[in-house]
Amino acid sequence: MRALQVVSANDLRLVTNLPSLPLQAGQLRVAVQRVGVCGTDLSLIAGKLPFARYPIVPGHEFSAIVTEVTPGSSFSPGDRVTANPILSCRSCAACQQGDIHHCKRTEVMGVVSRSGAMAEELILDEDMTWRLPEELSLDLAALVEPVAVALRVANRTGVGPGCRLALFGSGAVGLLLLLVARARQARFILVTDLVQPRLRLASQLGANQVANAGESDWAELVQKENSSFDIVVDGVGTSATLRDAIALARRGGTVVVYGVPSELLASGQIRPEPLLSQPIPLADAPAAIRRLISDPGWVAKLLISPQSGGGIS
């Protein structure tokens with residue numbers, strides 16, 4: 001089996017001989033169709049995650065087609081699926097209440113010890129697997145997990161009609177949150193970033209105002225031009241951005257620091273196609289990921305197609 005494997009920090013390789021493991025009860029085998037490259041994947045490759053365990057196949061944002069099931073499965077070969085990449089013990093009090101993200105043994109597939117989706121095939125537990133609506137393309141289905149993150153932020157902060165929203169950081173989740181906020185009829189949306197191509201994309205996607213956070217007085221300029229914001233979402237997480245977030249929020253406003261379900265994508269309520277690259281073959285992925293690391297503004301969401309052929313020229 002071919003896969004991308006992070007052998008050690010800053011050592012990403014295309015490997016061609018990973019074994020195809022047998023299925024256990026309650027598992028299914030899938031052929032990965034599309035996998036998105038996340039900021040977590042880039043941090044894993046760069047050796048910035050102290051809890052990572054190498055070697056590992058990264059990737060946790062994906063779409064796939066079921067190829068093999070075990071007896072009694074509720075899935076069938078040919079089903080189009082994605083998965084919640086959070087792994088947990090499934091037996092502690094938090095897991096029994098459905099709060100698997102609070103499990104003390106929580107891991108993320110493709111990050112800690114269990115290999116992820118940057119491979120031709122993947123083994124999933126049935127209880128982490130979700131069928132995809134027929135109307136949802138395999139390209140867009142690879143965005144289900146990051147859209148779910150954006151939607152959770154919107155739900156927790158109360159993004160809705162008439163609100164004034166400031167977004168710090170225009171990576172994939174920030175841009176998806178922009179789209180969710182527009183779908184929910186936010187009145188005014190500010191987006192900040194250091195990368196100018198991302199700010200241009202944010203404007204194209206409907207931001208009312210963008211600001212380059214590399215300019216020392218940007219927050220003061222924003223405050224002069226606009227009243228305070230109802231909600232400020234900090235997707236960067238530095239002491240400086242937290243300070244600025246508090247400064248821009250109105251009295252009684254909300255500040256959240258972080259780091260959709262398929263119906264939003266399938267229904268067309270949000271249109272995130274401009275975020276996606278053209279799907280690239282697995283063999284070309286190491287070079288593409290290296291380019292993304294050196295040029296963060298190249299593309300918002302790099303998309304890999306493990307079933308495609310091709311090679312590095």
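The requirement of being in the same structural domain as ASN17 (by TED's automatic domain parsing), of a type in the set (S, T, N, Q), assigned to a strand (DSSP E or B) and over 22 Å from GLY237 (Cα atoms) is fulfilled nowhere in segment 83-99; no residue meets it.
Of everything listed in (1) part of a helix (DSSP H, G or I); (2) crowded, with 17+ Cβ neighbours inside 10 Å; (3) touching a strand residue (DSSP E or B) at 6+ places or on another chain (Cβ under 9 Å), the single unmet condition for LEU292 is (3). Give the residues of segment 21-78 that are within 16 Å of SER113 (Cβ to Cβ) and basic (Lys, Arg), sorted by residue number. The one that is within 16 Å of SER113 (Cβ to Cβ) and basic (Lys, Arg): ARG53.
Condition check ((1) of a type in the set (A, V, I, L, M); (2) farther than 18 Å from VAL159 by Cα; (3) surrounded by 14 or more Cβ atoms within 10 Å (Cβ to Cβ)) across all residues:
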residue	(1), (2), (3)
ARG198	no, yes, yes
LEU201	yes, yes, yes
GLY206	no, no, yes
ALA219	yes, yes, yes
SER239	no, yes, no
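Of all residues in segment 167-194, exactly one satisfies the criterion of being under 20 Å from the mean Cα position of the chain (by Cα), buried (at least 19 other Cβ atoms within 10 Å of the Cβ) and farther than 18 Å from VAL149 by Cβ, namely THR192. Between ILE65, ILE56, the distinction of being over 30 Å from GLU135 (Cα atoms), under 23 Å from the mean Cα position of the chain (by Cα) and at pLDDT 90 or above belongs to ILE56 only.
For segment 115-226, which helices (runs of 4 or more DSSP H) that fit wholly inside it have 2 or more residues that are under 30 Å from PRO22 (Cα atoms) and among the hydrophobic types (A, V, I, L, M, F, W, C)?
On the way: elements: 138-141, 144-157, 172-183, 196-204, 218-225.
The qualifying helices (runs of 4 or more DSSP H) are 138-141.
Consider segment 219-234 and keep the residues that are touching a Ser or Thr at 6+ places or on another chain (Cβ under 8 Å) and not charged (D, E, K, R). The one that is farthest from VAL173 (Cα to Cα) is ILE231. Filter segment 185-218 down to residues that are under 14 Å from GLY174 (Cβ atoms) and among the hydroxyl-bearing types (Ser, Thr, Tyr) and give me whichever is modelled with the highest pLDDT. Within segment 185-218, the match that is modelled with the highest pLDDT is SER203.
The values are calculated or read from the model by the stated rules, or taken from the named source; none is laboratory data. Note that the structure is a prediction, hence the values are computed from the model and not measured. No Cβ is skipped: glycine too gets one built from the backbone with ideal geometry, and neighbour counts run over all protein chains shown.
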